[in-house]
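Trainee: First, the structure itself, so that you have it in front of you.
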Amino acid sequence: MASSSSSPRNSNKYEVFLSFKGEDTRDNFTSHLYSALCQNKIETFIDNDLKRGDEISQSLLDTIEASTISIVIFSERYASSGWCLDELLKILECKHGYGQIVIPVFYRVDPSHVRRQTGNFGDFFSKLEERFPQKLQRWRNALTAAANLSGFDSHVIRPEYKLIKEIANEILERLDDTLQSDNTDWLGLNRALKKLNHCYALGLWVFTYWGFGASVV
């Protein structure tokens, strides 16, 4: 996937990077979204490392930078993880540095709680204050900035398969937009083929998601 002309790189390794709190969504919403994106031939990165320390790895920071779009899945315990919050800092750095597309998804959490760090979301976030006092304000600013972006709210778009379908549609449209400034024919052909397969792939995913057939990934 080629980057935009403002990007510091010649090409992007991934089209989508998923940022999420594993214990909240890894085995449900995030895995279903990842499956839907992959079935639409969207190159998507998901971090399946279950063991995380306090410091985010350089390789993961490089992966974020090598992505066209970042999807930030805010769940109740997202802000309990310094790792997730450092991912968010890097994602916003890439947004401001060269226009990376950032799409927040509010999964069973009120966007205003993310924006203001209140409610249960804020309670989890406050537990980091003693461990990372020097980072707390930067994380607060990042959460507020990300929550102010246009995104998707699971309280508004139901049921879950419909939410995932709308996110996948949005990703395809945003990727199409990034190609309009790219003059490389094979990339345009690649996206056209993806779009032709989109309805079939997404329909198949909805079919298997509800248990009517064997899952295809």
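The values are calculated or read from the model by the stated rules, or taken from the named source; none is laboratory data. Every value quoted in this text rests on a predicted model; they were computed, and no experiment measured them. So basically every Cβ, Gly included, is an ideal-geometry build from the backbone, and we count neighbours across all protein chains shown.
Trainee: Just to check your reading of the model, which residue among 88, 128, 136 is touching a residue at least 24 places away in the same chain (Cβ under 8 Å), buried (at least 16 other Cβ atoms within 10 Å of the Cβ), of a type in the set (A, V, I, L, M) and over 20 Å from residue 30 (Cβ atoms)?
Mentor: Answer to the check: 128.
Trainee: Scan (1) surrounded by fewer than 18 Cβ atoms within 10 Å (Cβ to Cβ); (2) in contact (Cβ under 8 Å) with a residue 24 or more places away in the chain; (3) not hydrophobic (A, V, I, L, M, F, W, C) for the single condition residue 70 breaks and write down its number.
Mentor: Of (1) surrounded by fewer than 18 Cβ atoms within 10 Å (Cβ to Cβ); (2) in contact (Cβ under 8 Å) with a residue 24 or more places away in the chain; (3) not hydrophobic (A, V, I, L, M, F, W, C), only one is false for residue 70: (1).
Trainee: Within 14 Å of the chain's Cα centre (by Cα) and in a strand (DSSP E or B), is that true of residue 42? So that I can check it myself, show each step before the final result.
Mentor: On the way: within 14 Å of the chain's Cα centre (by Cα): yes; in a strand (DSSP E or B): no.
Criteria not met by residue 42.
Trainee: Can you work out which of the residues in the range 1-24 that are part of a loop (DSSP other than H, G, I, E, B) and closer than 17 Å to residue 172 by Cα is modelled with the highest pLDDT?
Mentor: Top of the filtered list is 13.
Trainee: Of the residues 73, 69, 103, 91, only one is assigned to a helix (DSSP H, G or I), within 13 Å of the chain's Cα centre (by Cα) and among the β-branched types (Val, Ile, Thr); which?
Mentor: Sole residue among the options that is assigned to a helix (DSSP H, G or I), within 13 Å of the chain's Cα centre (by Cα) and among the β-branched types (Val, Ile, Thr): 91.
Trainee: While we're on this one: Take the residues in the range 106-125 that are surrounded by 15 or more Cβ atoms within 10 Å (Cβ to Cβ) and basic (Lys, Arg); name whichever of them is farthest from the chain's Cα centre (by Cα).
Mentor: 116
Trainee: Out of 76, 65, 93, 173, report the one residue that is loosely packed, with under 15 Cβ neighbours inside 10 Å and either acidic (Asp, Glu) or modelled with pLDDT under 95 (or both).
Mentor: Testing whether each residue is loosely packed, with under 15 Cβ neighbours inside 10 Å and either acidic (Asp, Glu) or modelled with pLDDT under 95 (or both) leaves just 173.
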